[in-house]
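The values are calculated or read from the model by the stated rules, or taken from the named source; none is laboratory data. For clarity, every value in this text was computed on a predicted model and none was experimentally measured. Every residue, glycine among them, receives a Cβ derived from its backbone with ideal geometry; neighbour counts consider all protein chains shown. Only protein heavy atoms, including side chains, enter the accessible area calculation; ligands, DNA and RNA are left aside. Shrake-Rupley method; radii C 1.70, N 1.55, O 1.52, S 1.80 Å.
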Amino acid sequence: MEISDAITRLTEREKEALRLWLDHKSAKEIAIDLGVSHHAVEKRLKMARTKLGAATSRDAARMLAVAEGYGQTVAAPSDLSPPADPRPSRHHRPLVFGGLAMLTLTALGLALATAYPAAEPIEIEVDGSIERVFAHLDRNESGFLESPESPFVAIAFIDPDDSKAREGSAVIGNSDDPAQVSEFYTAADTDRDGRVSLDEYRVWSEAHWGELGIEVKTIMKVLPES
């Protein structure tokens with residue numbers, strides 16, 4: 001994938017974090033600037049690295065800087081350059097209109113991607129924290145799960161009945177099945193406000209993982225979606 005294509009996959013929140021990171025700010029400082037938790041900042045930086053194929057957040061920030069133009073040195077015009085023709089050129093007008101159309105389409109695509117970013121095939125460490133699972137599922141970072149956000153994840157957990165504490169894996173539901181997602185919102189949204197809060201998700205999760213004999217505190221990771 002070309003860098004320009006990868007850049008268009010970044011959400012505006014991820015770009016904000018990268019720009020501040022390039023200013024040599026820490027995750028906690030960025031969190032204060034953006035009014036979010038430092039866990040949210042770390043998640044945005046990790047997603048950006050994954051999308052850009054960058055080894056570090058600094059590399060990802062530099063790639064964004066180059067793509068946006070402020071990471072490149074602008075060459076000064078030569079003294080020997082011929083004077084510009086003041087007459088407007090008709091040959092450039094189609095290019096200008098075409099460029100504007102492309103920018104409009106790109107902006108529209110980014111707006112849609114920002115609303116509900118696609119899940120990335122990455123492994124998330126949660127260490128028994130239902131809050132981290134919830135944050136992973138809350139794609140638009142609204143603080144609630146809202147349709148079409150799916151509650152279903154594959155997890156790795158520590159089997160307490162295994163003397164060697166080996167990991168097991170399990171999954172509830174199918175994110176690609178709209179009927180199952182709809183059933184979740186009907187069951188979990190107990191206050192009927194059209195969305196599912198962290199507390200509502202915690203109650204639903206404990207009940208459904210419990211049916212499989214899995215305690216939430218034993219969940220170690222959210223596994224990549226297949």
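Considering only the stretch 134-148, state which residues are surrounded by fewer than 16 Cβ atoms within 10 Å (Cβ to Cβ) and over 15 Å from the mean Cα position of the chain (by Cα).
Ser147, Pro148
What are the pairs, 6+ residues apart or on separate chains, where a residue within the stretch 36-62 that is in a loop (DSSP other than H, G, I, E, B) has its Cβ under 7 Å from a residue that is surrounded by 21 or more Cβ atoms within 10 Å (Cβ to Cβ) and small (Gly, Ala, Ser)?
These pairs meet every condition: Ala54/Ala60.
Condition (residue is at pLDDT 85 or above, closer than 27 Å to Phe134 by Cα and in contact with a Pro (Cβ under 8 Å, 6 or more places away or on another chain)) applied to the stretch 53-62: is it met by at least one residue?
No, the conditions are met nowhere in the stretch 53-62.
Tell me, which residue of the stretch 177-218 that is in a helix (DSSP H, G or I) and among the acidic types (Asp, Glu) is farthest from the chain's Cα centre (by Cα)?
Glu211
Could you list all residues from the stretch 6-35 that are in a loop (DSSP other than H, G, I, E, B) and in contact (Cβ under 8 Å) with a residue 40 or more places away in the chain?
Hits for the stretch 6-35 are Arg9, Leu10, Thr11.
Which of (1) within 30 Å of His38 (Cβ to Cβ); (2) modelled with pLDDT under 85 does Asp176 not meet, given it meets every other one?
(1)
Please count how many residues of the stretch 9-45 are open to solvent by 70 Å² or more (accessible area, probe 1.4 Å) and within 15 Å of the chain's Cα centre (by Cα).
6
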